[in-house]
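Worksheet for the structure shown next.
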Amino acid sequence: MFRYIVRRLLQMVLTFFGATFLVYALMFANQKDPIQALVGERPVSESQRIALTERYHLDEGFFMQYWYYMKGVLTGDFGTSMTGRKIYDMMSDAWPVTFRLAIIAIVIAAAFSVTAGVYSAIKRGGIFDNSTLLITLVLLAMPIVVIAPLAQLIFGIQLGWFAPTATRDATFYQLLLPAIVLACIVIAPEMRVTRTSVVENLRADYVRTARAKGLTRMRVIWVHVLRNSLIPVVTLIGVDLGGLLAGAIVTEHVFNIPGVGFNLARAINTEDGPLVVGFVSILVILFLFINLLVDLLYAALDPRIRYE
Amino acid sequence: MSDLNTVTAAEAPGGQPNVPHGRVKRDKPRSLAGDAWNDLRKRKMFWVAIVMVAAILVMAIFPTLFTSADPSQCALSNQFKGPAGNALFGYDFQGCDIYAKVVNGAWNSIKVGVLSTLLSGVIGLLFGLAAGYFGGWVDAILSRFVDIMLGVPFLLAGIVLSRRLGGDPKSDGVLAVTLTLGLLSWTSGARVMRSAVISAKQQDYVAAARMLGATPGRLMLRHILPNSIASYIVLLTLLLGINISSEATLSFLGVGLKNGAISWGIMISEGTQFARSEPWPLVWPALFLGVTVLAFIMLGDAVRDAFDPKLR
């Protein structure tokens, strides 16, 4: 187990530097005149040029610049956005909103998909099962650019059940509709996995034994079967959480939520390189750690799985 | 040869032409594809998907069958007017015929979707084949590279890359989006291909062919590839739907198609601005995009179920 973790951590270091370098190169390569890009339309004097070149290491090679930048990121100094704000401050505004959004979405998705998945597995082939299979297929296929604006239009504007946009300090109520929209993306696979897993476990020997001992059907299903069936579901939810943190770009854009995706989309459009790379670095770290945790959790939940 | 004649369908290796002529039809060994086709034919979902995909393809290739109006002919005096005459869906903010625009938008979606899926299919195939066949350090390097690619969230990488590639201010962005999606979406396919190749490589017929002196190239192309490509092609069917959806997403965010190219994503983005008072310019392109992606995903889903023997 220890060797497995060490190996994974080493791989993560490689992936982290590779992924951040890819994004760094895409944002900063072929930049014609970074100093002019920084100051905008104003003329730059020679002394300012020298000072800025010194400050941003512009006279050194591309790899060295990447190295200086990463050194800053890893010591907590994310630098300054093109807008002049400290990137650290922007992050501490954006991350909590996105976290809350992702957590609400995950809770909604998990509650719904586990209940519905277990129910359709028990009543396999019934009306509920077939109709949920169809609905999950539609949900699976619907692009988020279709779901998010339509949900905002129907439930936010026409019916007025939810808040159509969020403010800076988004309340739970304001985040509810976007969270449901986000949940829609992950409900379909989670429910399908729950259903398949429960169907498989219902045939297992231990279920027959439990039934033979005279346990009630409810106890067998909700205690014995569910506990064993949830292992793949839990891992899937973990992976989804990582995806939701990054995948909220469209949803946050549509609902005007000032979270990570919203800031990122704006930063990319204004060519705010430092801001993009800063956010992406944190995203990649989170993504990698969540995936590692999920794999470890898998081993903890299922004693049959052993990592050498 | 009498032994061969009694080989049952289950034991026969997939699709090998080892059956002499004049056999009774029911004993003919069935290939994986043949089995899958038999299974597919019976599915209602498959036929629904086929009909939908066919309708969308006809609409994309021959838009004039559906509307004679020119989607670029817009008159501001028509702004937000309701349905009238040939303009079944009314007019949008610019006074353009929504129906004509939506019908003509299918072509760009299909074009970007198909081309990017082909590109990603080729890259993933080469990556998976090389990593799976050679193993060792080739596999280690290629797999780490795939890990790195998967480490960057897809949409994020898509936005950044699409902006970089679409730098030319005059182009309509089709090439940039196609390249972006093709270069980013091959990773999961490459993993599937790699594991399929690894399991095919260990089969006896590969060892037999190698012993007969087959070169690595022949082994890969004639023996391993045909036996490992089924699940990969199925995955590409699904990817086609996903890429169409990604194109709309990039266009929606303003980094996809541009300069007057018609895209459902751009129409949705414009529609959201006035949705409070005029919902229809948003609803129609959203419906068309949703149904198109659904059709391709349904097709891919049905084909995957048919090809996956474990689900039978």
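Taking all Cα-Cα distances within the stretch A:83-183, those exceeding 23 Å account for 42%.
Nearest 20 debye, what's the magnitude of the dipole of the stretch A:176-225 about its Cα centre given +1 on Lys and Arg Cβ and -1 on Asp and Glu Cβ?
Using only the charged Cβ atoms, the result is roughly 320 debye.
Look at the alpha carbon pairs under 8 Å that are at least 6 residues apart: their mean separation over the length of chain A gives a relative contact order of 26 percent. Within 10 Å of the Cβ of each residue in B:268-276, the mean number of Cβ atoms contributed by other protein chains is 4. Between the listed residues A:185, B:65, B:231, the Cα displaced farthest toward the positive end of the dipole of the protein assembly as shown, a dipole computed from Cβ unit charges relative to the Cα centre, is found at B:231.
What average count of beta carbons from other chains do you get within 10 Å of the Cβ of residues in B:153-166?
Values: counts 13, 3, 10, 13, 6, 1, 8, 11, 3, 1, 5, 5, 1, 0.
Whole-number average of other-chain Cβ neighbours for B:153-166 is 6.
Over 31 Å apart at the Cα level, from the set B:101/B:170; B:111/B:201; B:44/B:111; B:81/B:258; A:123/A:213; A:123/B:42, are B:111/B:201.
Plainly put, the protein assembly as shown has a radius of gyration that is 0.99 times its Kirkwood radius, both from alpha-carbon atoms, as the Rg/Rh ratio.
Between the helical axis of A:226-247 and the longest alpha-carbon principal axis of chain A there is an angle of about 20 degrees. Using Cα atoms only, what is the angle between the long axis of helix A:172-202 and the major principal axis of chain A, expressed in degrees (0 to 90) to the nearest 10? Orientation of helix A:172-202: about 50 degrees from the principal axis.
Given +1 on the Cβ of Lys and Arg, -1 on the Cβ of Asp and Glu, and no further charges, what dipole in debye does chain A carry about its Cα centre, rounded to the nearest 20? Walk me through the intermediate numbers first.
Details: 26 positive and 21 negative charges, 348 e Å.
I would put it at about 1680 debye.
Helices in the protein assembly as shown, meaning DSSP H runs of at least 4 residues, each add -39500 (n - 2.57). Divided by all residues, the mean residue ellipticity at 222 nm is -22500 deg cm²/dmol. Here chain B is assigned +1 on the Cβ of each Lys and Arg and -1 on the Cβ of each Asp and Glu. Its dipole about the Cα centre then comes out at about 700 debye.
Per-residue shielding of A:16-24, expressed as the average number of other chain Cβ atoms within 10 Å of the residue Cβ, stands at 4. Absence of a disulfide-compatible partner, taken as no other cysteine beta carbon within less than 4.7 angstrom, is noted in the protein assembly as shown for A:184.
The C-alpha atoms of chain A define a longest principal axis, and helix A:260-269 lies at about 40 degrees to it.
Taking the Cα centre of chain B as the origin and placing charges on Cβ (Lys, Arg +1; Asp, Glu -1), which of B:174, B:159, B:146 is farthest toward the positive end of the dipole? Farthest along the dipole direction, towards plus: B:146.
Listed by number, the DSSP H helices of chain B that run 20 Å or longer by alpha-carbon position along their axis and have mean Kyte hydropathy of at least 1.6 are B:44-61.
Can you tell me the order of A:125-138, A:181-194, B:157-170 when each peptide is scored by its average per-residue count of other Cβ atoms within 10 angstrom, highest first? Don't skip to the end; give the middle numbers.
Numbers: A:125-138: 14.4, A:181-194: 23.3, B:157-170: 18.4.
Averaged packing, sorted descending, gives the order A:181-194, B:157-170, A:125-138.
When only alpha carbons of chain B are considered, Rg and Dmax amount to 23.9, 82 Å. By the equivalent-ellipsoid construction on the alpha carbon gyration tensor, the stretch A:256-308 comes out with semi-axes of 36, 12, 6 Å, ordered largest to smallest. Panel order for A:305, A:257, by other beta carbons found within 10 Å of each beta carbon, from fewest to most: A:305, A:257. Normalised size of the stretch A:94-301, defined as Cα radius of gyration per 2.2 N^0.38 Å with N residues, equals 1.16. Among B:54, B:84, B:302, which one shows the highest mean-square fluctuation when chain B is modelled as a Gaussian network with alpha-carbon springs under 10 Å? So, out of B:54, B:84, B:302, the one fluctuating most is B:84.
Using a 10 Å cut-off on Cβ atoms, rank the peptides B:58-65, A:100-107 from the highest mean neighbour count down. Before the final figure, lay out the partial values.
Values: B:58-65: 14.4, A:100-107: 20.4.
Highest mean packing first, the order is A:100-107, B:58-65.
Each peptide in B:126-134, A:83-91, A:205-213 gets a packing score, the mean of other Cβ atoms within 10 Å over its residues, and the list from highest to lowest is B:126-134, A:83-91, A:205-213. Note on chain B: with a GNM built from Cα contacts shorter than 10 Å, the maximum mean-square fluctuation among B:195, B:109, B:263 falls on B:195.
For each of A:298, B:91, count neighbouring Cβ atoms within 10 Å of the residue's Cβ, then give the residues from fewest to most. Don't jump to the answer; show the numbers that get you there.
Values: A:298 16, B:91 26.
Least crowded to most crowded, the residues run A:298, B:91.
Cβ-to-Cβ counts within 10 Å put B:119, B:57, A:10 in ascending order as A:10, B:57, B:119, the fewest first.
Springs between Cα atoms under 10 Å define the GNM used for chain B, and in it the highest mean-square fluctuation of B:107, B:264, B:37 occurs at B:37.
Just so you know, all these numbers are worked out from the coordinates, no wet-lab data involved. For clarity, every value in this text was computed on a predicted model and none was experimentally measured. Here the Cβ is made from the backbone with ideal geometry for all residues, glycine too, and neighbour counts use every protein chain on show.
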